[in-house]
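For reference, the structure discussed in these notes is given below.
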Amino acid sequence: MNSASEFQRLLAGVREIEAAGFAQRAALATIVRTNGSTFRRAGASMLVREDRVVCSLAGGCPENDIITRARKVVADDRPEIARYNDESAGDVLFEAGCGGELDVLIEPLSQTADVQFLDILAQMHAHRRAGFMATVYALRDSALQPRPQRLIWNGAMAWSDLGDAALADAIFATAAAAPTLRAFGRRIDTAQGPCDVLFESVRPAHALVIVGANPAALAIARSACALGWKTLLVDSREPPPGLPVETYFIQATPATVLEKAPLDAHTSALVMTFNIERDCEWLQALAPASLAYFGAIGSRERATRMHASVAHTGARLHAPAGLDIGSETPEEIAVAVTSEIIAVLNSRDGGSLGRSARPIHP
């Protein structure tokens with residue numbers, strides 16, 4: 001599925017048509033297979049409504065063609081698989097500057113049952129649960145009719161509209177054997193024939209806890225909000241002026257921060273009080289938490305003391321935090337820090353794309 005922030009926009013677009021009783025019907029277009037260079041990876045989705053498009057996939061030729069096909073899917077009320085390769089519509093990708101192949105599932109959204117899976121995903125996001133979604137979208141190389149079928153696992157229990165228990169067991173086995181579950185496709189043999197299944201990880205919105213109230217902290221908060229992250233600013237004093245409206249403020253001390261600030265494996269923490277003694281106190285308080293990223297801003301000399309303060313905990317501290325881009329102003333520091341966090345989340349080193357041979361999309 002899309003990133004958590006994109007998912008919320010897509011969900012809002014669906015909620016509007018659902019509230020109107022599906023008087024305006026729509027289609028959901030999802031990339032289910034890629035090969036080579038493409039504009040988005042598998043799992044990216046776009047909502048095509050009569051009045052607008054939500055969560056654009058690419059723009060230009062491929063998107064225009066997908067939208068045209070989506071209009072037909074809505075009219076026919078039948079899902080379709082749009083294939084872009086050397087044998088079918090490959091010129092569309094070529095004109096867009098892509099040299100790869102992709103398949104796009106386009107499914108109609110014309111009734112409540114069509115969007116029930118989105119309700120389950122919304123619940124997972126609301127409760128910050130991670131898991132996976134498997135979409136059975138093709139049977140014997142044709143779009144599954146009358147609708148795709150899905151199985152969603154939230155880490156504790158499953159929701160499914162599959163009618164095949166053996167297929168559900170095979171999906172669980174495939175997901176369990178996957179070394180890393182981001183988005184991938186598998187063909188699974190069933191009694192009815194071979195089924196194509198898209199597996200996608202479901203993760204809650206990334207959260208960033210910023211400790212310290214200063215201009216750089218506020219700039220980082222603004223950048224984090226723009227990325228769709230749940231952003232919390234923590235300080236022992238009163239809320240600072242200029243706090244972004246989307247940012248939550250938590251008044252806490254090092255002794256109370258673990259009780260007051262929600263921290264989980266999908267949360268990053270950044271300490272930046274610009275007072276070395278206070279920084280070390282906050283770092284020691286946060287070190288026991290299981291975090292996606294743990295960082296602190298400061299000079300190299302101060303960073304040495306910061307590392308020493310948490311060395312006994314085994315915590316992996318990023319200090320000085322941020323990529324080396326020569327940042328100086330609060331806004332530039334925000335770019336450097338949020339970029340490093342993104343790189344860590346995607347297991348990248350944050351280097352130049354022009355000097356990397358790795359695939360652009362993780």
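The values are calculated or read from the model by the stated rules, or taken from the named source; none is laboratory data. Computed from a predicted model, the values in this text were never measured in an experiment. Quick reminder, even Gly has a Cβ in these numbers, built from the backbone with ideal geometry, and neighbours come from all protein chains shown. Just the protein is used for accessible areas: all its heavy atoms, side chains included, with ligands, DNA and RNA removed. Shrake-Rupley method; radii C 1.70, N 1.55, O 1.52, S 1.80 Å.
Of all residues in segment 162-181, how many are closer than 14 Å to I152 by Cα and either in contact with a strand residue (DSSP E or B) (Cβ under 7 Å, 6 or more places away or on another chain) or of a type outside the set (G, A, S) (or both)?
10
If you go through segment 163-197, how many residues are of a type in the set (A, V, I, L, M), open to solvent by less than 30 Å² (accessible area, probe 1.4 Å) and touching a helix residue (DSSP H, G or I) at 6+ places or on another chain (Cβ under 8 Å)?
Matching residues across segment 163-197 total 2.
Provide a single number: the residues in segment 147-157 that are assigned to a strand (DSSP E or B) and touching a Phe, Trp or Tyr at 6+ places or on another chain (Cβ under 8 Å). Spell out how you get there, then give the answer.
Keep residues of segment 147-157 that are assigned to a strand (DSSP E or B), which gives 149-153.
Checking which are touching a Phe, Trp or Tyr at 6+ places or on another chain (Cβ under 8 Å) leaves us with 150-153.
The total comes to 4.
Given V257, V245, which one is free of Cβ contacts under 8 Å to residues at least 12 places away in the same chain and among the hydrophobic types (A, V, I, L, M, F, W, C)? Steps first, answer last, please.
Values: V257 fails: free of Cβ contacts under 8 Å to residues at least 12 places away in the same chain.
Exactly one of V257, V245 is free of Cβ contacts under 8 Å to residues at least 12 places away in the same chain and among the hydrophobic types (A, V, I, L, M, F, W, C), namely V245.
Name the strands (runs of 3 or more DSSP E) wholly inside segment 198-301 in which the number of residues that are open to solvent by less than 20 Å² (accessible area, probe 1.4 Å) is 3 or more. Break it down into steps so the answer makes sense when it comes.
Working: elements: 207-211, 230-235, 248-251, 267-271, 293-296.
Output list reads 207-211, 230-235, 267-271, 293-296.
In this structure, does V74 turn out to be at pLDDT 95 or above, over 20 Å from L144 (Cβ atoms) and outside any loop (DSSP other than H, G, I, E, B)? Walk me through how you get there before you give the answer.
Working: at pLDDT 95 or above: yes; over 20 Å from L144 (Cβ atoms): no; outside any loop (DSSP other than H, G, I, E, B): yes.
Taking the combined requirement at face value, the residue does not satisfy it.
For segment 1-19, what are the residues that are open to solvent by 60 Å² or more (accessible area, probe 1.4 Å) and under 20 Å from S110 (Cβ atoms)? Let's see the steps before the verdict.
Filtering segment 1-19 for residues open to solvent by 60 Å² or more (accessible area, probe 1.4 Å) gives 8-9, 15-16, 19.
Hits for segment 1-19 are R15, E16, A19.
Are any residues in segment 28-74 β-branched (V, I, T), in contact with a helix residue (DSSP H, G or I) (Cβ under 8 Å, 6 or more places away or on another chain) and buried (at least 22 other Cβ atoms within 10 Å of the Cβ), and if so, which ones?
Correct list: T38, V48.
How many residues, within segment 311-357, are of a type in the set (V, I, T), open to solvent by 60 Å² or more (accessible area, probe 1.4 Å) and in a loop (DSSP other than H, G, I, E, B)?
Residues flagged as of a type in the set (V, I, T), open to solvent by 60 Å² or more (accessible area, probe 1.4 Å) and in a loop (DSSP other than H, G, I, E, B) within segment 311-357 amount to 1.
Run down E332, E340 and say which single residue is within 21 Å of H266 (Cβ to Cβ), out of contact with any helix residue (DSSP H, G or I) (no Cβ under 6 Å at 6 or more places or on another chain) and of a type in the set (D, E).
Numbers: E332 fails: within 21 Å of H266 (Cβ to Cβ).
That would be E340, the only listed residue that is within 21 Å of H266 (Cβ to Cβ), out of contact with any helix residue (DSSP H, G or I) (no Cβ under 6 Å at 6 or more places or on another chain) and of a type in the set (D, E).
Could you check segment 210-266 and list, in sequence order, the residues that are among the polar types (S, T, N, Q) and out of contact with any helix residue (DSSP H, G or I) (no Cβ under 7 Å at 6 or more places or on another chain)? Don't jump to the end; show me each part of the working.
Filtering segment 210-266 for residues among the polar types (S, T, N, Q) gives 214, 223, 231, 236, 247, 251, 253, 256.
Of everything in segment 210-266, those that are among the polar types (S, T, N, Q) and out of contact with any helix residue (DSSP H, G or I) (no Cβ under 7 Å at 6 or more places or on another chain) turn out to be N214, S236, Q251, T253, T256.
Go over the candidates R129, R150 one by one and state the one that is charged (D, E, K, R) and closer than 13 Å to F199 by Cα. Show your work before the answer.
Numbers: R129 fails: closer than 13 Å to F199 by Cα.
So the residue among R129, R150 that is charged (D, E, K, R) and closer than 13 Å to F199 by Cα is R150.
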